[in-house]
Amino acid sequence: MNNADVIPPAVAGSLAEIERSVQRFRSSYSLGADPERLLTEEIITMRVELIRLWSEINADKNSRMRH
C-alpha cells in the first residue's frame, strides 16, 4: 500500500520535517555543537510541526464528520 493512500501529504510533510529536525540535532551534536541551544531550536521546530500536524488531522476529522 502506498503511504500517500494512508497519510495525507500535509501530514507526511510535517512528519518529514520532524524527522529532519531530529537528524539535524543528531548531526550537529555529533560535531560538538552546543547541545542546549541546538535542542531548544529543534524543539521549537518540532512544536510548530506538531501544531501544524494536529491542525491538519482535526481539519480532516471535521471534514469527514460533515459528510
Residue within the stretch 3-12 that is outside any helix (DSSP H, G or I) and open to solvent by less than 90 Å² (accessible area, probe 1.4 Å) present: yes
Positions within the stretch 9-25 being out of contact with any helix residue (DSSP H, G or I) (no Cβ under 9 Å at 6 or more places or on another chain) and at pLDDT below 85, in sequence order: Pro9
Criterion violated by Leu15 - all others in (1) without any contact (Cβ under 8 Å) to a residue 24 or more places away in the chain; (2) at negative phi satisfied: (1)
Residue in the stretch 36-55 that is modelled with pLDDT under 80 and not polar (S, T, N, Q) present: no
Residue selected from the stretch 35-58 under the condition aliphatic (A, V, I, L, M) and farther than 14 Å from Gly13 by Cβ, by the criterion most open to solvent (accessible area, probe 1.4 Å): Ile44
Residues of the stretch 23-34 satisfying the condition of being open to solvent by less than 80 Å² (accessible area, probe 1.4 Å) and of a type in the set (Gly, Ala, Ser): Ser27, Ser28, Gly32, Ala33
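The values are calculated or read from the model by the stated rules, or taken from the named source; none is laboratory data. As the structure is a computational prediction, the values presented were derived from the model and not from experiment. Don't worry about glycine lacking a Cβ; one is built from the backbone with ideal geometry, like all the others, and counts go over all protein chains shown. Side chains are part of the model used for accessible areas, which takes the heavy atoms of the whole protein and leaves out ligands, DNA and RNA. Shrake-Rupley method; radii C 1.70, N 1.55, O 1.52, S 1.80 Å.
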